[in-house]
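A.B. asks: Pasting a structure below so you can have a look.
The values are calculated or read from the model by the stated rules, or taken from the named source; none is laboratory data. Keep in mind it's a predicted model, so treat the numbers as computed, not measured. Cβ atoms come from the backbone with ideal geometry, glycine included; neighbour counts cover every protein chain shown.
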Amino acid sequence: MDQIFELLAITLGAILANNFIFSQFLGICPFLGVSKKIDTAVGMGIAVTFVMGLASAVCYVVNEFVLTRFGLEYMQTVAFILVIASLVQFIEMFLQKSMPSLYTALGVYLPLITTNCAVLGVVLLNVQSNYNFISSVVYGITGGLGFLLAIVLFASIRERLVFADYPKNWDGFPIALVTAGLMALAFMGFSGLKVW
Amino acid sequence: MGNMIAAIVVLGVLGAAFGLVLAVASKIFEVKKDPREEQILSHLAGANCGGCGFPGCGGCAAAILAGTAPVTACAPAGPENAAAIAKIMGQEAPTGERQVAFVRCNGGLNAKKRFDYVGVKDCTAATKVAAGPLDCAFGCLGFGSCVAACQFGAMSIGPNGSAVVDPDKCTACMACANACPRHLIVSVPASKKVHVACANQDKGKAAMSVCSSSCIGCGLCQKECKKDAIHVVNGVAVIDYDKCVGCKLCTKVCPRDAILPAATAEEKEKYKAIKKAQAEKAKAAAEAKAAEAAGAAQ
């Protein structure tokens, strides 16, 4: 029962209160880069969720059975980057062969994730928080869902920004950054969320 | 020291293991790709303009390879690249002249407005409000949806408020034509310079009242053309580019200046004078002939 409550707390925290983008400021690059259209934002969000979940699982195994065993915890960052890069490569090959439709849907976003700091962030946070295997995977997936939520909301707002009447010299990134800042403020409201 | 060696060994083994897995995976999950697709892709414009109707240049290359798109599908790439693609596909090089887009409206500020539209600056949005702010149901609205659609900077809103194409920059991808809610943009041969810049199909007075540069379907151009290259079809003059030689006689008789390049008043007067002189000469010649005939009869 405690485990379930913990997982629920992790889920709510990862999606709302400690949203990767709005309160931890991880993964800002794809958040700003591929949020011009809702379609591409959804693609990116799903791809990130997918990779974050898998990376959490694999990195947990690597950390627990390789790094800790040899007393090499200080090499976590390097090892995790290695794991994530190979994992993304592997997933890309696997999808291209077995699920071409999903491969074309994710398209260019999959390789982009290699350098997404939210992925590295989630695996390092897993270690920091001493999560067990299940909690790690749940945190990875729900963190990805939080990213998906954030980027889709942001893309929807950016699509509607076309109709907004703002000064011309704010066009492009300035107005996008202001929007992101306001959304982060709104998400701060969730930090008061204390259920358990 | 031992710690360092352990770190090097463990990470080295880890890296080698992942590398091995990837190497094996790349063999297992290898997808045979037709090398021609890459080759075709390298001959496309690479602008991802979407003018061909496929999602991006990759989609177009795949469609050409599959045979669902012609080798000339990518207009921006030009005839040389189309020929190269045809070679890759083992086909004859296509022949055809370079095309450019042309906006069939020169109305702009000449067209009467029914109301001031203050909404989103987009032609499609503007046409949704009471069928558009112009009296003319065929006129260019001038909000620049085509300008936004053009990836090559060839479209602009001209000085008189309707869209114009820069033929030098135009690649005939026709993305603008898809963006125009009034379907005013057509593809024309680049070498032809005379075009009817109006699409108004209304007859006579109806067309005349909505715009000062509308084609009213009077047919003067049709009568004037020596090559049978311009005809009034559905109330609007249409040029047959196969026959047109670009003599511009039609532009000189058009009372509405709807045929571009519009002739100046001076040119029109001059042409009128020439015609008058010709008519008089012909009349005099006919009279002389008649007199001669009469003389011969006597």
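A.B. asks: Evaluate the following for B:Gly217: is it in contact (Cβ under 8 Å) with a residue 12 or more places away in the chain, assigned to a loop (DSSP other than H, G, I, E, B), of a type in the set (Gly, Ala, Ser) and touching a strand residue (DSSP E or B) at 6+ places or on another chain (Cβ under 6 Å)? Please lay out each step first, then the result.
C.D. replies: On the way: in contact (Cβ under 8 Å) with a residue 12 or more places away in the chain: yes; assigned to a loop (DSSP other than H, G, I, E, B): yes; of a type in the set (Gly, Ala, Ser): yes; touching a strand residue (DSSP E or B) at 6+ places or on another chain (Cβ under 6 Å): yes.
The answer is yes for B:Gly217.
A.B. asks: Just to verify a result, which residue in the range A:139-163, among those that are in a helix (DSSP H, G or I) and within 14 Å of chain B (Cβ to nearest Cβ), is nearest to the chain's Cα centre (by Cα)? If you could, list the steps in order and put the result at the bottom.
C.D. replies: Residues of the range A:139-163 in a helix (DSSP H, G or I): A:139-161.
Right, trim to within 14 Å of chain B (Cβ to nearest Cβ) and you get A:159-161.
Values: A:Glu159: 22, A:Arg160: 24, A:Leu161: 24 Å.
So, considering only residues that are in a helix (DSSP H, G or I) and within 14 Å of chain B (Cβ to nearest Cβ), the one nearest to the chain's Cα centre (by Cα) is A:Glu159.
A.B. asks: How many residues are more than 14 Å from chain B (Cβ to nearest Cβ) and touching a helix residue (DSSP H, G or I) at 6+ places or on another chain (Cβ under 7 Å) if we restrict to the range A:111-124? Spell out the reasoning first.
C.D. replies: Restricting attention to the range A:111-124, the residues satisfying the condition of being more than 14 Å from chain B (Cβ to nearest Cβ) are A:112-113, A:115-124.
Now restrict to residues that are touching a helix residue (DSSP H, G or I) at 6+ places or on another chain (Cβ under 7 Å): A:112-113, A:116, A:118-120, A:122-124.
Here the count works out to 9.
A.B. asks: Report, ordered by the first and then the second residue, all pairs with beta carbons closer than 9 Å, sequence separation of six or more or different chains, a first member in the range A:125-141 that is within 18 Å of A:Asn19 (Cβ to Cβ), and a second member that is of a type in the set (Phe, Trp, Tyr) and in a loop (DSSP other than H, G, I, E, B).
C.D. replies: The qualifying pairs are A:Leu125/A:Tyr131; A:Val138/A:Tyr131; A:Tyr139/A:Tyr131.
A.B. asks: Output the qualifying pairs, or none if there are none: Cβ atoms under 6 angstrom, residues six or more apart or on different chains, first residue in the range B:94-123 and of a type in the set (A, V, I, L, M, F, W, C), second residue in a helix (DSSP H, G or I).
C.D. replies: Filtered contacts from the range B:94-123: B:Ala101/B:Cys176; B:Cys123/B:Ser145.
A.B. asks: Of the conditions (1) of a type outside the set (Lys, Arg); (2) more than 9 Å from every other protein chain (Cβ to nearest Cβ); (3) surrounded by 19 or more Cβ atoms within 10 Å (Cβ to Cβ); (4) touching a Phe, Trp or Tyr at 6+ places or on another chain (Cβ under 9 Å), A:Glu64 satisfies every one except a single condition; which number is it?
C.D. replies: (3)
A.B. asks: Could you check B:Val103 against (1) in contact with a Leu (Cβ under 6 Å, 6 or more places away or on another chain); (2) surrounded by fewer than 18 Cβ atoms within 10 Å (Cβ to Cβ); (3) aliphatic (A, V, I, L, M) and say which number it fails?
C.D. replies: (2)
A.B. asks: List pairs: first residue in the range A:167-187 and in contact (Cβ under 8 Å) with a residue 12 or more places away in the chain, second residue among the polar types (S, T, N, Q) anywhere in the structure, Cβ distance under 6 angstrom, at least six positions apart or on different chains.
C.D. replies: Listed pairs, sorted by first residue: A:Phe187/A:Asn19.
A.B. asks: Return yes when A:Arg158 is surrounded by 15 or more Cβ atoms within 10 Å (Cβ to Cβ) and of a type in the set (Lys, Arg) and no when it is not.
C.D. replies: Working: surrounded by 15 or more Cβ atoms within 10 Å (Cβ to Cβ): yes; of a type in the set (Lys, Arg): yes.
Taking the combined requirement at face value, the residue satisfies it.
A.B. asks: Can you tell me which residue within the range B:108-120, out of those that are within 26 Å of A:Leu161 (Cα to Cα) and either among the aliphatic types (A, V, I, L, M) or surrounded by 15 or more Cβ atoms within 10 Å (Cβ to Cβ) (or both), is nearest to the other protein chains (Cβ to nearest Cβ)?
C.D. replies: Per the stated criteria, the residue is B:Val120.
A.B. asks: Would the range A:164-179 turn up any residue that is farther than 13 Å from A:Ser56 by Cα, within 14 Å of chain B (Cβ to nearest Cβ), among the β-branched types (Val, Ile, Thr) and part of a helix (DSSP H, G or I)?
C.D. replies: So far as the range A:164-179 goes, no, none of its residues is farther than 13 Å from A:Ser56 by Cα, within 14 Å of chain B (Cβ to nearest Cβ), among the β-branched types (Val, Ile, Thr) and part of a helix (DSSP H, G or I).
A.B. asks: So for the range B:142-162 (the condition being touching a Phe, Trp or Tyr at 6+ places or on another chain (Cβ under 7 Å), within 30 Å of B:Pro79 (Cα to Cα), of a type outside the set (Ser, Thr, Tyr) and modelled with pLDDT under 90), does at least one residue qualify?
C.D. replies: Taking the range B:142-162 first, the residues touching a Phe, Trp or Tyr at 6+ places or on another chain (Cβ under 7 Å) are none.
Looking through the range B:142-162, none of the residues is touching a Phe, Trp or Tyr at 6+ places or on another chain (Cβ under 7 Å), within 30 Å of B:Pro79 (Cα to Cα), of a type outside the set (Ser, Thr, Tyr) and modelled with pLDDT under 90.
A.B. asks: From the list B:Cys136, B:Cys176, exactly one residue is in contact (Cβ under 8 Å) with a residue 40 or more places away in the chain and under 30 Å from B:Ala66 (Cα atoms). Which is it? It would help to see each step written out before you state the result.
C.D. replies: Details: B:Cys136 fails: under 30 Å from B:Ala66 (Cα atoms).
Just one listed residue meets the conditions, B:Cys176.
A.B. asks: From B:Ala207, B:Ala237, grab the single residue that is part of a strand (DSSP E or B) and within 26 Å of B:Glu266 (Cα to Cα).
C.D. replies: The match here is B:Ala237.
A.B. asks: Moving on. Answer yes or no as to whether B:Ile28 is within 10 Å of chain A (Cβ to nearest Cβ), surrounded by fewer than 11 Cβ atoms within 10 Å (Cβ to Cβ), without any contact (Cβ under 8 Å) to a residue 60 or more places away in the chain and among the hydrophobic types (A, V, I, L, M, F, W, C). So that I can check it myself, show each step before the final result.
C.D. replies: Working: within 10 Å of chain A (Cβ to nearest Cβ): yes; surrounded by fewer than 11 Cβ atoms within 10 Å (Cβ to Cβ): yes; without any contact (Cβ under 8 Å) to a residue 60 or more places away in the chain: yes; among the hydrophobic types (A, V, I, L, M, F, W, C): yes.
When the stated conditions are applied, B:Ile28 passes them.
Here is a yes/no grid of residues against (1) of a type in the set (Ser, Thr, Tyr); (2) closer than 28 Å to B:Lys33 by Cα; (3) within 14 Å of chain B (Cβ to nearest Cβ); (4) touching a Phe, Trp or Tyr at 6+ places or on another chain (Cβ under 7 Å):
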{"residue": "A:Thr77", "(1), (2), (3), (4)": "yes, no, yes, no"}
{"residue": "A:Leu87", "(1), (2), (3), (4)": "no, yes, yes, no"}
{"residue": "A:Glu92", "(1), (2), (3), (4)": "no, yes, yes, no"}
{"residue": "A:Leu95", "(1), (2), (3), (4)": "no, yes, yes, yes"}
{"residue": "A:Thr104", "(1), (2), (3), (4)": "yes, yes, yes, no"}
{"residue": "A:Val108", "(1), (2), (3), (4)": "no, yes, yes, no"}
{"residue": "A:Gln128", "(1), (2), (3), (4)": "no, no, no, no"}
{"residue": "A:Ile134", "(1), (2), (3), (4)": "no, no, no, no"}
{"residue": "A:Val137", "(1), (2), (3), (4)": "no, no, no, no"}
